[in-house]
Structures are given as C-alpha cells and as structure tokens.
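A quick write-up on the structure given underneath.
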Amino acid sequence: MKHLNHLLLIAAAIAGLASCKKEDDAVASPGNPAPGAAEMQLVASGTVDGYTVEIYGKGTNLYTGYNTVYARLKNAAGSYLGDAGLTWEPVMTMTMGGMEHTHGCPWSAPVAVAGNASLYEGYMVFIMASSSMGHWDLKVNFTIGGTTHELHLPLPVLDSESEFHKVYTSSMGSDGTTYFLAMLEPAAPKTGVNDMVVGLFRRESDSAFPVVDGYTIRVDPRMPGMGNHGAPGNEDLVQGTDGFYHGKAGFSMTGYWKVNLMVENSAGQLLCGNAVTTEVAESSVSFKVNF
Ligand SMILES: [Cu+2]
C-alpha cells in the first residue's frame, strides 16, 4: 500500500509541479583548483559548528535523472579539509493528506577526487522533482577530531523532462520491482552512432535503490515524425566495470528521436518495455533526444 501510494506520488510529481531556484555562484577558489572546476556550480551550502559544507553540480541546477555532484568542506578559517569521512544521503520528504513520508533515490558515496583530497565527487539520480508536495534535503555527515557533525541542506531539484527531452524514466517490471533508468550519454547527441551510457537501479526499500547487475537494456531509437524509421549502429547495453550500462544508439539524421528501451534480466526475461513493431509504435519505456 505504501508502495502504491508512492507510485501515485511519483505520477503526480511528473505531472509538473517543479519549483525553481537558481544559484549563480561559481566555484572559483584559487587555493583549491579542481578538475573540471569551470563547470562546477554551487547548488547548496550550509554551516554547522563552524564548518561549511558546499555542494556543487555540473551546472546551476540539479535535475531529475543523473547528476554528478561534488562536495567540499571548509573550516572557520576558510581552509578546505580532506580526510573528514564525509558521507551524504539525499532524502525527499513528502506530505500528502497530512501524512509525512520520506524516501531516497539512487546515489553513490562521495569519494575524494584524484589529486584533490578536499574535493569529493559522486552522483545522485533524483527520481522526483521538488514541488509543493515534497522537497529534497541532503543529509551530510563528517568527522573531525573524533567528533561527528551533521547538517541537512535543502536541494532544489528541477524536472528534466520536456516534450522532446527525456533522460530519466522509471517502470514497474513484470517481476513486481520498480526500475529506474537514467541516461548519462549521449549528453550531446550527434548524427551517426552514439555511445550510450545508462544507470539502471531498482527500488529495494524507501531508502535503498541499488544498482541492478547483469541485465541487458535493448535499445531501438526511432523517428516518430518520419514514419518511425530507425537507424543502423544500435548495440544493446550491457553492464561495464563502472556499474553503468554501455552500448550504442544510431541517429541517422538530426531531429527528434524516441529511444525505445526494453529491460531484460540475466535469464533473458523481458521485465520492462516492449518491442516496436508496425502495429506498436513505441515502447512503454523510453528516452527522448532532439538535436
Ligand atoms: Cu518523492
């Protein structure tokens, strides 16, 4: 019942109740040059016990779907600290009918970036946008001198989906499990064969959304505006050593493509989505690109 409720909440959120918040502060700290620093933007910060935690995204906003996220920890003197056992956990608090409900999303633990011990990097796959019905907070813990500090940072999350753009989707599998698919690549689709990278996760509980191992994601991009034609070069996605699913998507021309997907388990059993045929124009599970 709780689970059903949650699906209803997800559906309602997808209906488009995204709120908007913008942060334009760039991360330009001369004392702490970071790889890719130019594209890092502050999305949240807060102070506890004299320590400031800064959270950065790869742009001015966080969105539903896959986000690379960075964190830095600063002491009262303004020095950035490494080795502080920093952990994070995104949590959404939703209120409906006066009842409060919390849930998480898929995310990875923050790890120190090579060559910069005071910059932590990980990812978060937000499964709902912030709205009047719910908000995301990032629970951050770190330990200094044997004392653990905790703070909760509000994280505004915008809806990434629009009419011709969709990089995140979820689906109830025929095995009764809810699956979450987030597209990392192609981030900038081009004509020809594109590398495709997708994160595949499942809902184990309200607070556990582990990576799904050993499945296959079948990919069939089509152009709905041009007789639903496809293109050569597609390769089904299989899991790489990084945990993400890797394959190829063929886009033979510019324009709008629906990237139809099917999720199969390691036994080859179809769990989510359906084949595209002359009678069935699309899969129930898909991404959308337009370029
Ligand atoms: Cu939610």
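The values are calculated or read from the model by the stated rules, or taken from the named source; none is laboratory data. The model shown is predicted, which means the values in this text are computed figures rather than measured ones. All Cβ positions, even for glycine, are placed from backbone atoms using ideal geometry, and neighbour counts span all protein chains on display. The accessibility values were calculated without ligands, DNA or RNA, using every heavy atom of the protein model including side chains. Shrake-Rupley method; radii C 1.70, N 1.55, O 1.52, S 1.80 Å.
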Kindly provide the pair-distance distribution of the stretch 168-290 built from C-alpha pairs, with 10 Å bins from 0 and whole-percent values in order of increasing distance.
14, 47, 31, 8, 0
Dipole-positive endmost among Trp136, Thr60, His103 within the chain (Cβ charges, Cα centre):
Thr60
For the chain, set up a Gaussian network in which alpha carbons nearer than 10 Å are linked by springs, and say which option among Thr102, Thr254, Thr277 fluctuates the most.
Thr277
Could you calculate, for the chain, the ratio of the Cα radius of gyration to the Kirkwood radius, expressed as Rg to Rh?
0.99
What is the extension gain from His152 to Asn290, computed as 0.36 nm multiplied by their sequence separation minus the C-alpha to C-alpha distance, in nm to one decimal?
46.0 nm
Inter-label distance, nm, simple model (7 Å from Cα along the C-beta direction), Val193/Lys58
2.3
Report the label-to-label distance for Asp83 and Glu204 in nanometres (one decimal), using points 7 Å from each Cα along the Cα→Cβ vector.
3.2
Of the heavy-atom accessible surface of the stretch 168-290 (probe 1.4 angstrom), what whole percent is carbon and sulfur?
50
Which residue fluctuates the most in the chain, going by a Gaussian network model with Cα springs under 10 Å, if the choices are Gln41, Gln269, Gln239?
Gln269
Stretched out fully, how many nm does the piece from Met133 to Asp175 gain, at 0.36 nm a residue minus the Cα gap?
12.2 nm
The whole-number value in µm²/s of the Stokes-Einstein translational diffusion coefficient for the stretch 67-187, with Rh from the Kirkwood sum over alpha carbon pairs at 10 °C and 1.306 mPa s, is 96
Starting from 0.36 nm per residue, how many nanometres of slack lie between Ala281 and Ala267 once their C-alpha separation is accounted for?
2.4 nm
